[in-house]
1. Every residue in region 87-101 that is surrounded by fewer than 18 Cβ atoms within 10 Å (Cβ to Cβ) and out of contact with any helix residue (DSSP H, G or I) (no Cβ under 9 Å at 6 or more places or on another chain), please.
2. Restricting attention to region 24-33, does a residue exist that is modelled with pLDDT of 95 or more and under 22 Å from residue 135 (Cα atoms)?
3. Please count how many residues of region 60-107 are under 14 Å from the mean Cα position of the chain (by Cα) and assigned to a helix (DSSP H, G or I).
4. Mind listing just one residue for me: the one in region 42-59 that is touching a strand residue (DSSP E or B) at 6+ places or on another chain (Cβ under 9 Å) and either touching a residue at least 60 places away in the same chain (Cβ under 8 Å) or in a strand (DSSP E or B) (or both) and, of those, surrounded by the most Cβ atoms within 10 Å (Cβ to Cβ)?
5. Residues of region 24-36 being in contact (Cβ under 8 Å) with a residue 12 or more places away in the chain and either under 14 Å from residue 103 (Cβ atoms) or out of contact with any helix residue (DSSP H, G or I) (no Cβ under 8 Å at 6 or more places or on another chain) (or both), which ones?
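The values are calculated or read from the model by the stated rules, or taken from the named source; none is laboratory data. Since the model is a prediction, treat every value here as computed from it, not as a measurement. Every residue, glycine as well, gets a Cβ built from its backbone with ideal geometry; the counts of neighbours run over all protein chains shown.
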C-alpha cells in the first residue's frame with residue numbers, strides 16, 4: 001500500500017535511507033551519509049511530498065517528490081526486486097507529464113532501475129562533494 005508520510009514514519013524512513021544507501025551508494029563516505037541523514041531528518045522531508053510504501057503495515061520504501069523531481073526513492077534492501085520501487089515511480093508519474101531524477105554516476109543499481117522504467121539521460125553535472133550526477137527524465141518523449 002502507498003500512503004502519505006506521517007511524522008511517525010521518520011525513524012523508518014531514516015533506516016530505509018541508510019540501508020538502501022549502503023547498497024546503492026557504497027562509494028560515499030560515512031561522513032557524507034551522516035550529513036544526508038541529518039538533512040533528510042531536518043530539511044528534505046519537510047520540503048517534499050513524501051509517499052510511503054508499506055508491507056504488512058510497516059514502511060519499507062518511500063519516494064520524495066519536489067514537484068516533478070524525485071528527490072529520493074529508497075526501498076529497504078530486504079525488499080529489493082519485489083516491485084515496490086516500480087510501484088512508487090508509477091504512482092508518482094500518474095499525475096505528472098514528466099519526472100526528473102538525479103542519480104550518482106557510480107550508482108549502477110539506480111541507473112539500471114531508472115533506465116528500465118523509461119528514464120533517459122538529460123545531462124550530467126558535478127555534485128558539491130565532487131561526485132558526478134546524471135539527470136534523467138521520463139516523459140512521453142522518453143519512449
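1. Passing the criteria: 87, 90, 91, 93, 94, 95, 96, 100.
2. The answer is no, given that none of the residues of region 24-33 is modelled with pLDDT of 95 or more and under 22 Å from residue 135 (Cα atoms).
3. Result for region 60-107: 11.
4. 53
5. Hits for region 24-36 are 24, 25, 27, 28, 32.
Quick grid of which residues meet (1) touching a strand residue (DSSP E or B) at 6+ places or on another chain (Cβ under 7 Å); (2) touching a residue at least 24 places away in the same chain (Cβ under 8 Å); (3) more than 19 Å from residue 133 (Cβ to Cβ); (4) surrounded by 15 or more Cβ atoms within 10 Å (Cβ to Cβ):
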| position | (1), (2), (3), (4) |
| --- | --- |
| 11 | no, no, yes, no |
| 67 | no, no, no, no |
| 104 | yes, yes, no, yes |
| 107 | no, yes, no, yes |
